[in-house]
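Accompanying notes for the structure given below.
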Amino acid sequence: MGRKPDPERRAELLGDVVGYLLEKGVHQTSLRPLANQLGTSTYTFVYHFGSKDDLLAEALEEISSRHAIALESMRSGSVDQFIRSYWAWNVSTDRLRTVKVITDARSLVRTQGALYRPFVRSVTGAVQSVIGGRLEAEARSADESIVITTALFGTLTDLATEESVDADVDTIDQLVNSVA
């Protein structure tokens, strides 16, 4: 009987993979370049995670968990305060990487839905839930949360692809004004 994977090594590898994905994105992620970049072997990944898809799914779940923790700190206040807080959180350098992973994953849902759809739904659903809760607290229809979330993620996607913060700040201001 072979030895069991070391949970500490597995957690360390997962953290390294998350860092890699945040740096490089998820498009065309391959085990060999990933292993080379992290100074390990493809065998190590397979040993600890089973497959590339299992490894990516766990890394995306970790990114989603970090996102959910950040949302917890933004749960109070008005809808427009949330939009501005979420925007500010996302435009910081390290978090813009998260936006890029989300954007990549959204584009991959069509071809690899089983892998990327849970991540996209988790992230967008969490934001939509916060917005819906705030709308209800303001005696407004939570149905608006779909449109607001779509507009917010559309603007963040533009930012991730164009990296034109100034133009997108104007868009966020317009979004906040239309929501208010």
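We did not get these values from a lab; they are worked out from the coordinates using the rules stated. Predicted, not measured: the structure shown is a model, and the values here were computed from it. Ideal geometry is used to build each Cβ from the backbone, glycine not excepted, and the neighbour counts take in all protein chains shown.
Each Lys or Arg adds one and each Asp or Glu takes one away; over the other residues whose Cβ falls under 14 Å from the Cβ of ASP54, this sums to -2. Helix 79-91 sits at what angle to the longest principal axis of the chain, using alpha carbons and giving 0 to 90 degrees rounded to 10? Once rounded, the angle reads 40 degrees.
Legend: calculated FRET efficiency, ARG32 to THR150, from the Cβ-Cβ distance at R0 = 41 Å, rounded to 0.05, equals 0.65. Towards the positive end of the charge dipole of the chain, with charges on Cβ (+1 Lys, Arg; -1 Asp, Glu), say which of ALA114, ALA160, VAL130 has the farthest Cα. The one lying farthest along the dipole's positive direction is ALA114. Charging the Cβ of each Asp and Glu at -1 and of each Lys and Arg at +1, and nothing else, the dipole of the chain about its Cα centre rounds to 720 debye.
The computed percent of Cα pairs over 19 Å apart for the structure shown corresponds, within (1) 56; (2) 66; (3) 60, to (3). Once the Cβ-Cβ distance of SER51 and GLU12 is raised to the sixth power relative to R0 = 25 Å, the FRET efficiency obtained is 0.85. Remark: the stretch 143-159, residue by residue, has Karplus-estimated 3J(HN,Hα) of 4, 5, 4, 5, 5, 5, 4, 4, 5, 5, 5, x, 5, 5, 5, 4, 4 Hz, where x stands for each Gly or Pro and the curve is 6.51 cos²θ - 1.76 cosθ + 1.60 at θ = phi - 60°.
Of all the options THR103, THR124, THR40, the one that moves most in a Gaussian network model of the chain with Cα springs shorter than 10 angstrom is THR40. What you get for the stretch 21-97, charging only the Cβ of Lys and Arg (+1) and of Asp and Glu (-1), is a dipole of about 220 debye around the Cα centre. Centre-to-centre separation between the Cα atoms of the stretch 134-156 and those of the stretch 1-78: 31 Å.
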